[in-house]
Structures are given as C-alpha cells and as structure tokens.
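Heads up, the thing below is written out as structure tokens.
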Amino acid sequence: MDVDGEHDAPVAKRQKLTNGTTKTHLKPGASRVFAPYRTVGLVSPTAVPFTSVPLGKTTFQITTSVGRSLQTYDIRKGLNLVFITRPQTPETITASAAWKERVLAAWGGHTPGSGVGVWVFKRGKKDAELELPNGWDEKIKCFGIFGSWIVGVCEKRMLVWKSATFELYTALQGISPVPLTKCIASLPTFLNKVVVGRQDGSAEIWNVLSGKLVYTIFPPSSTYGAVTAIEPTPALSLVAIAYEKGALHIHDIRTDQTVIQLNTSAGAAVTCITFRTDELGAGDDGQEAGVMATASTNSGDVTLWDLNEGGRKAGVLRAAHAHPTPSSPGGTSKIEFLAGQAVLVSSGLDNSLKTWIFDETPFNPIPRILHSRSGHGASITNLKFIPSASDGSDDTGKWLMSASKDRSLWGWSLRRDGQSTELSQGALQKKAKKQGLLAAGSRDSLEELKCPPITSIACSLNRDGGIGAVPGKHPVWHAAKGKGVSAEISSMTGWESVVTAHENDKKARTWFWGRKKAGRWAFDTGDGSNVTSVAMSPCGTFAVVGSEKGGIEMFNLQSGLHRQRYPARLTPMQAKQLKLDMVKHGLEEDDDGKRKFYRGQGKHGSVVVGLAVDSLNKTMLSAGADGKIKFWDFASGLLSSEIDWSAFTSVSAMRYHRESDLAAFACADGCVRVVDISTQRLIRELWPSRPNITELMGARIVDFCFSSDGHQIAACLQNVVLLWDLPTGHLVDAFKLTATCTSLAFSPTAEFLATATADSVGVDIWSNRSLFTHVPARHIGAKELTEILAADAHAPTVSGDGGEVLVQTDLDEEIEDDDLDLVNGGPNTDVDQLASDLLSLSVVPRSRWQNLLHLDLIRQRNKPVEPPKKPEKAPFFLPSIQDRQTTSAAQRVGEADALDIEKERGRVLRQAKEGTQSTYTALLHDARDSSDYAPFVDHLKSLGPSAADIEIRSMHTAAEDGEMLTFVHALEWLMAQRRDFELAQTWMAVFLRIHGDVVLADDSLRDAVEEWSAVSEQERRRVQRLAGYCNGLVGYLRAARV
C-alpha cells in the first residue's frame, strides 16, 4: 500500500486505469444500479433501404440500418447476424451502401444545426470518414457507387468522392431549384454517368468526372409527380423509372423514348425496382429472361412482372410484409434480386428482413419464403421474463416474452439472437387466402385474423411439455365443451404454459411455450365483459381470469373446463335462502374485528386489475379498481377477508412475489403499497418523492415489478424508472429514458432489467451493477430526483456501444475504498447527520482513518524484508548486466526508501522557508480568528492518510502561533456537534502520539485537551444511557407476559 506522496493541495483521487485509459464515471442522471447492456429485437425498423454485397462466389451479406448502427447478416448462414457496427453514429443513419468489404453510413440529425457526416465501416468497425465541404449541412439521402466513384445525393446537391482514397472530388448542383429525390442509378457502359430523379418528375444524367449535366429526361405529363425509383435494366441503355402518380416506364436513354409502360396499383407508388439476372423466371415455363419486381412503402405486396411481349403482371406476392395500419407501420422498403441467383431479398417497415426463392416444381412465378429475421412492428406494451422451470433447467433468465400493438407475441433469447422467434397464431396466410383477405381492399380484415393486442401475460412452466406437448394438430383457441375433451395425452406430455389477456376482448387465450405456438383454449368471462387480468397457479394447472365487471373465473388448462367462480356460484335455493337470512339477521358478524363473508358475497364492483395465486394453491388474491383487495379460498371460492382502500385511493395494477409472499399495488395517488399476504397487513408505502415534485405531479405508474429476491421494486412513470429498496423503503435509484416507458421486467436471475419505450420496437436490456460491484443504497431525496429528471436521457444500444465493463480483469487487485465510494459518483455529502441529537459517524472511507492511525506500522510493513539477492554467477560465455553496474540494487532500494520518507516533510519545510502557507495552515489560522471550524474540518477530511499525518506533524509548537490550541478547539467543536465521531478520535490519537510532550509542557494546551476529554466523556455517558434504555425496552417487549 502506497501511503507516501507529495501533497500541495487536497488530495485528488487517483484514477483507476483500465487498459491504459482512465476509469470512466457515471454521467449525470445515469442509473447507479443498472448499466446499459444492449437492445434486442431490431432488424430493419427504419426507412433506410438495406444494401447487399457478394462475398466471393459462395454467399451474400445484407446490411440493414437500426437507427444509429448497421447490422450485417449472412445469407448462407440463414440470415445469421455477423456484424454490428461500432461505434454508433452521432445521429440517425440516413443512407447506407455496401462496397467490396466496406459499408458506408451517412448520418444526420433532424433538428437544425445538428451535424452530418459519412463513416466507413469494415467488418463492423469504423475504418474511415469521408470528407465533407466546409459548412455542409445537407443530409445525404442515398448513395450510388460505381467504378471509381462514390456519389451521395442530398436535398439540392450531390457530393462525389474517389472510391480508392475517399477523397472529396467535387460537389454537383444543377440549375433547377426543384429538390432531388433519393433515387440514383449508374448506367452500365456509360462511362462516369449517373441518373438522378427530382421532385418534378424529371431525371437528369450527370457526368461525375466533368461535373456537367449531360441530359434531362422529362416525364410524359406534369401530373406524374416526383420520381420515386430508378433502376437500370439488364438490357443496355434501358432504365426503369417510376413516378409518384403515374405509370412505370422502361425508358431508352439513347433515343429518349419509352419502350414499355406498365400501369401500377393506384395509391401505392412504386418505390423500389429490381431485375432478375439469372436469365430465368419469365414465360410460361420460367425458362426465359425478363423478370422485374416492384414494391411500395404503402403496401406489403411485391409485384412480379414479365417484360416479354410488351410486359404483363406475372403475379403478386401478397402480404410479403405487413400492410400499414393506424397502430403500426408497414410497407416494403426495398426488394433486390441477388446477382445471378433465383433469390429475392426484401425488407419492410414492419421490422423484418426476408429472402424468397423461386424453386417450386411445377413452375410458379410466386416465390416461397426461404429465410426470415424479424421483430415487433410497433411499440411494445408488455414484457415478462420466463420463470424458472420445475426441472431446474439452465434456461433461467434466458428467455424474455414481449407483446406489442402489432398483435404479436415474441420470445427473445438473450444468449443467441437466432433462437428468438414469434409464437405462431396458426396458418394465417392460408386462412386469409381462402377468405380472400389478401387483396388490397381487405388489409384491415387480414389484421383481424390475429389476436387483439396483449395487455397481460401470465406464465408457469411447471406443466410445460416442451416441443412434444400435446402432439398433433388441434384447433386453435376454442372453448372446451362437454365430456368429449380427453386429457389423457396432455397428462403425459404437458400442456399450455402461457395465458394472455387482450385489449377489448372477452376471451383469455392460452399458448404453448415449448412449441412456440397458440394453444387450444380460449376462456370466456362469465359475465360477458372484456378480460382485464390473468394469472396462473404455481403448479401450472389452473388459469384465473378477471373481467371488466368484477367477475373472476378459474379454468383447468389440461382439459380447458371451467372449475370455479369467485365468489362461488349459488344455486337458486341457496341464493333465496341467503337473501332471506340477510334480511332477517344482516349476516354481519365480527370475528376478531374482521367481517365474515358468506357464499356468493364479495364480488368486485369494478374492473379486476390484478390476480395472483399463492405458492400452496390455498389463497387467491384479487385487486379491483374500486380500491379493494380480496383474499379468496382457492378451492371453495369463498371470500375470507379483504382490505379496503376505497376511501382514499384506487388500485390500477398488482404484482405478486410468490417466494416472499408479498404483493405490491400501484395506486392512483402515485404510491406503490406493499402488503404481506400472510398477515394481510400493509408493510410499506413507496413514494417517488416526499414531498412530491412538480415534474412527477399527476404521473401514474405505467408498470412495475419485483426483483427476483423480492428486495427491490422497479417502477416506471412517464420516461423515468425508479427503484426502491424494500427493507428500508428508500428510493435508491432513478434514471431517465429517451421516451415514455411502456413496460419493464426483472430477470429471474437478477442479472438484467428489460425496458420498452414508446419510440422503439426493440427491448432495452440493462445489466445489474450490484452483482459485480459495490452499489450504495442511500436514499435519493427530492432535490437529487429533480436533478436526475433535468439531466440527459440514457439508453442501451444495439451494438452495446456505451456499455460498461462491470467485471474487473484483475481479480487479485485490491479495490480502494476511495474508488468504491465513487462508484456512484461520490458520497452524498449533503447527508452528514441524520439528526442533531444522534451521534453520527462520517462518510469518509474506513481505510482512510484506519491507515492514519497505523501509518507507521504500514510504512514498516511495506519496507522490503531484505535487499534483492545477487543471482548466481552465470556461465563465462554469458555476460552479466549486474556485473557492469556500479551501484548495487540493495543500495538503490535503501536510497529510494529514504527519499520517499522525507519527500513530504521537505515540501512543508520549503514552504516555511519561502514564507508561504499550505491550505491546511491557512484554514487553521482562519479558524483561530473567526472561530468557524467547519472549513478546516472539511479540508482535513479530504486529506489522505499520509497528507493528514504530515500536516499534523508540521504544526508549529510555539504558543504564540496557537496552531495546536486551535486544532484541539476544532476537535472539541466537532465533538459538540456530534458528527464524525471516529475521525475526531483518530485525529486526537495521532495528535497526542506526535505532540504529547508539547501538551504536557503547555498549560493552556493541556487544559484544552482536558476540556475535549470532558466533552467526550459526557457524550459517552449519554449514548450509554440511551443504549441501556433501548436494551431494557427490548428485553421487556421480548419477555413473556401473563
């Protein structure tokens, strides 16, 4: 341990180095407990088209944009993810292009004044950056790369670079004021020529070498609108041009004449064109060349054309991607035939990337799906980690389920992206085709074939049969009726393990998690209202469904039959007798202060917002929006007791932690209340801030969850995530997200926190710092929470860029306490004392005052035990370096040790000779004159052990200076303030050990020390008296009383 060093000022914290770089600290407003890890679920969520490049003669690589990063997939490996670019671009990517082994990415912000640029990536890493003209502020909308040129199309101008050196060659601008569209194409065999489109429908041919406009192709009519797509055909000098409101033209640029005119669907302008280059696919038998495919961002269909004999529509690939709807984006962003292959690649705004192959026999002009990578097409509304299975498999914490507004349910693997999959809802495409719903006018009806958006998820894997559960084909989501349902097969193989509630739907649906498909049952509510909440028993056999009108039903997942109603159903005779008894007796008997309920009583009067079943299947817990929490007997359906909060609040959601038997309730007043189910008592009220701050005034809790051990509760309000420590009830963490948080979930292993935001279709994953390093659990007050809300937002990235290395590479390295207290950005210096009548310790690391107390022993221990021994004499033919040295190693070690010991003392002596004062001495003199000891004590607390020791040793002993007397008075003042008890004792012990002889010789100094001792003794007696009182009170309460 190094305790020596020169200190000219308060000791600056030494920065821990990792691989030669300074250890980074938390940004303002960042989470103290969670570190950004990565984002999952993004494939192609933006309107930036994908780009492809052949990799030798064996495969192709497809690169898509996911915001500020690029993802590269390999087709030969089944669209396996191979690269994610790092670092992420400063702003959103606006265009990309693959060229040889590199990928170009143009980025730019949407706000005025935001930067623009072009980065070049190679194998996922930034390789170069293209030069831009000074003061350039136009965003690049698309790239064109051909020969030795790279052309970037902007709003009004074009930039040209040399592809060999990435040197900026020129900027091109025409005389037309009409903006350019993001359409550019090179002309084969036309040297240095490109074609670009404009908003008025004209297409311009430019020579990039000379920088001149060669020719302009005008549209047939001014009503055609902007040019939306340009693509050269395999036939030389022919170019396909698509217009916003007109037909698609195959144009001969040599003669400036239209060769073929094709009428496209109204309202769906062609935005992408591609040609098949393997000279197959056209004609009746598919043995002729001339296939063209078109797509539009306004439709999910892909149209295939046979250009022979004037051109005709060969077929339509219906619903290749999702159609745009009011709730979710859709449409096809780009399609492309791979060079020389019968494979079509398509990407959509529904966050999907697909490959299609033409290999059916007999010949079919419509391809079949080959590979697919996709994710949610709309914002995520619900998250839930798959719980641990009863067999103890190692999948715990691996799988995360998510539901979205696009009516899909996904399972995400946090270990391998290729295993992520959507849970199937049946053969929807086949069903839609039979019903004729794939036509353009029936897109909304096609969407209705899917289940409504999911609002609640319940899961238990204890009866999940894996891939072999209930083998064979079964109807999807039907009601079990009569005795015709056999449960023999499911009893041997397992059954459904997931139950979901849906928006504005009267049925709760089941799912097979092992088979990743829809289940057999759809459970109706008994009162005919919509399902609002679901739950599963821990054994995985029963599902409980809550309704909008307060009804609660229980079903058997194995047979799909109804088993119980809460409250229990009455026969006509029982209902009549209960009504008579209520009129006659009132039936309100108090048993130990609790109301007694009878069969048929206790139904919720409003929406059921939460359901849970305890670990023994004895008690079923329900929460209603009317502010009542009810405890039901699980088997009989009788209401045993209830908690009524209706007088002061209502309940909006409930979460249950089965291992600790605790239930948390989100209330309308912004508080999370925690109830112990075993005692049925309120044990905690968790508020974001008391008093409430204006930024969170009126904010409701969107979602919340327990940690795996039940010690923490995380909740999201607006775009803020809060974390409470349940044993203390303190708010221990808060951080701000980029947008409104819609859902969050803790992993069963406590490794991750998953969050979903309204502006993204991906799931953000955060690592739990507390598993790898020390995280202080101090309370966050209203002032600090306000500062966090005003700070910048933070979020994980797809590439993991900006994440943190939480595990130390050198496990044998001792972590200094100075580093530990700065893991969270430093100790909370505002909280020096809990109360003025309490004797408080300091927040200074323990090692600092302990090392000061035993500094001499530490120095003695750190000295080498013996000087280095001279190695044995080497053979005569190997010269020894030690023989050439004039000074022995032992002598050098001794001299260095002596210099280190006297280094600090020499600094103080130099200051005395020069007539200057150290900060310590100056503050000590100020305290002597003003009797304000706080600045001096704060400075002394900031000094390290070695610096504090040398300052105490260097105080003047002359009585007229009064430095020692002021020092003792400062310690006496500190003891009177009842603060920093251990520091005051340590400083006095060191002072008496060094200057004990001076204290005995000076009467005034001796009297001051005696006064300090009297104050310390008085405080000791007071604390001892309070401790004795507490001990006696605890003993009395623990003693048996009759």
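The values are calculated or read from the model by the stated rules, or taken from the named source; none is laboratory data. None of the values given here were measured: they were computed from a predicted structure. Here the Cβ positions follow ideal geometry from the backbone for every residue, glycine too, while neighbour counts run over all protein chains shown. Calculation scope for accessible area: heavy atoms of the full protein, side chains included, ligands and nucleic acids excluded. Shrake-Rupley method; radii C 1.70, N 1.55, O 1.52, S 1.80 Å.
Scanning the stretch 674-700 for residues that are in a strand (DSSP E or B) and either acidic (Asp, Glu) or open to solvent by 10 Å² or more (accessible area, probe 1.4 Å) (or both) yields 676, 681, 682, 683, 684, 685.
Free of Cβ contacts under 8 Å to residues at least 12 places away in the same chain, open to solvent by 40 Å² or more (accessible area, probe 1.4 Å) and over 18 Å from residue 841 (Cα atoms), is that true of residue 1033?
It is true that residue 1033 is free of Cβ contacts under 8 Å to residues at least 12 places away in the same chain, open to solvent by 40 Å² or more (accessible area, probe 1.4 Å) and over 18 Å from residue 841 (Cα atoms).
Looking across the stretch 776-794, just one residue is under 18 Å from the mean Cα position of the chain (by Cα) and open to solvent by 60 Å² or more (accessible area, probe 1.4 Å), and that is 792. If the Cβ limit is 6 Å and pairs must be 6+ apart or interchain, which residue in the stretch 127-145 that is of a type in the set (A, V, I, L, M, F, W, C) pairs with which residue that is part of a loop (DSSP other than H, G, I, E, B) and at pLDDT 90 or above? Close Cβ pairs satisfying both conditions: 128/166; 130/166; 140/154.
You will find that of 480, 522, the residue that is out of contact with any helix residue (DSSP H, G or I) (no Cβ under 9 Å at 6 or more places or on another chain), of a type in the set (Gly, Ala, Ser) and open to solvent by 20 Å² or more (accessible area, probe 1.4 Å) is 480 and no other.
Among the candidates 636, 615, the residue that is under 32 Å from the mean Cα position of the chain (by Cα), part of a loop (DSSP other than H, G, I, E, B) and among the small types (Gly, Ala, Ser) is uniquely 615.
With respect to (1) within 23 Å of residue 615 (Cβ to Cβ); (2) part of a helix (DSSP H, G or I), the lone exception for residue 490 is condition (1). Of everything in the stretch 971-1003 that is open to solvent by less than 60 Å² (accessible area, probe 1.4 Å) and either touching a strand residue (DSSP E or B) at 6+ places or on another chain (Cβ under 6 Å) or of a type in the set (Gly, Ala, Ser) (or both), the residue that is nearest to residue 853 (Cα to Cα) is 989.
Yes/no matrix, rows are residues, columns are (1) at pLDDT 90 or above; (2) buried (at least 17 other Cβ atoms within 10 Å of the Cβ):
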position: 355; (1), (2): yes, yes
position: 390; (1), (2): no, no
position: 394; (1), (2): no, no
position: 411; (1), (2): yes, yes
position: 438; (1), (2): no, yes
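Just one of the listed residues (773, 797, 755, 738) is part of a strand (DSSP E or B) and either within 30 Å of residue 126 (Cβ to Cβ) or under 15 Å from the mean Cα position of the chain (by Cα) (or both), and it is 755.
Residue 560 - would you say it is buried (at least 22 other Cβ atoms within 10 Å of the Cβ) and on the phi > 0 side of the Ramachandran plot? For residue 560, the condition - buried (at least 22 other Cβ atoms within 10 Å of the Cβ) and on the phi > 0 side of the Ramachandran plot - is met. With respect to the conditions (1) in a strand (DSSP E or B); (2) surrounded by fewer than 19 Cβ atoms within 10 Å (Cβ to Cβ), residue 648 falls short on a single one, namely (1).
Checked against (1) open to solvent by 40 Å² or more (accessible area, probe 1.4 Å); (2) at pLDDT 95 or above, residue 715 passes all but condition (1).
Looking only at the stretch 660-673, filter to residues that are part of a loop (DSSP other than H, G, I, E, B) and more than 26 Å from the chain's Cα centre (by Cα); which one of those is nearest to residue 547 (Cα to Cα)?
668
Looking across the stretch 331-353 at every residue that is in a loop (DSSP other than H, G, I, E, B) and surrounded by 23 or more Cβ atoms within 10 Å (Cβ to Cβ), the one that is nearest to the chain's Cα centre (by Cα) is identified as 351. Look at residue 245 and say whether it is among the charged types (D, E, K, R), surrounded by fewer than 20 Cβ atoms within 10 Å (Cβ to Cβ), more than 21 Å from residue 97 (Cα to Cα) and over 46 Å from the mean Cα position of the chain (by Cα). So residue 245 fails the test. Can you spot a residue in the stretch 951-965 that is closer than 21 Å to residue 843 by Cα and under 50 Å from the mean Cα position of the chain (by Cα)? For the stretch 951-965, residues closer than 21 Å to residue 843 by Cα and under 50 Å from the mean Cα position of the chain (by Cα): absent. The residue list 220, 177 contains one member that is part of a loop (DSSP other than H, G, I, E, B), at pLDDT below 95, in contact with a strand residue (DSSP E or B) (Cβ under 9 Å, 6 or more places away or on another chain) and exposed (fewer than 15 other Cβ atoms within 10 Å of the Cβ), which is 220.
Scanning the stretch 177-194 for residues that are touching a Leu at 6+ places or on another chain (Cβ under 8 Å) and of a type in the set (D, E, K, R) turns up just one, 193.
In the stretch 38-59, the residues that are free of Cβ contacts under 8 Å to residues at least 24 places away in the same chain reach residues that are of a type in the set (D, E, K, R) and in a loop (DSSP other than H, G, I, E, B) with C-beta atoms within less than 9 angstrom, at least six apart or across chains, in these pairs: 55/76; 55/101; 58/76; 59/76; 59/77.
Picking from residues in the stretch 525-567 that are closer than 10 Å to residue 508 by Cα and not small (Gly, Ala, Ser), the one that is modelled with the lowest pLDDT is 525. Residues of the stretch 922-968 that are in a helix (DSSP H, G or I), open to solvent by 30 Å² or more (accessible area, probe 1.4 Å) and of a type in the set (S, T, N, Q): 930, 942. The set of residues from the stretch 97-153 being of a type in the set (A, V, I, L, M) and more than 25 Å from residue 86 (Cβ to Cβ) comprises 151, 153.
Rundown of residues vs (1) farther than 21 Å from residue 504 by Cα; (2) touching a Lys or Arg at 6+ places or on another chain (Cβ under 8 Å); (3) at pLDDT 95 or above; (4) of a type outside the set (S, T, N, Q), yes/no style:
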| site | (1), (2), (3), (4) |
| --- | --- |
| 386 | yes, yes, no, yes |
| 405 | no, no, no, yes |
| 414 | yes, yes, no, yes |
| 419 | yes, no, no, no |
| 427 | yes, no, no, yes |
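The set of residues in the stretch 258-309 being within 17 Å of residue 234 (Cα to Cα), free of Cβ contacts under 8 Å to residues at least 40 places away in the same chain, assigned to a loop (DSSP other than H, G, I, E, B) and open to solvent by 50 Å² or more (accessible area, probe 1.4 Å) consists of 279, 287.
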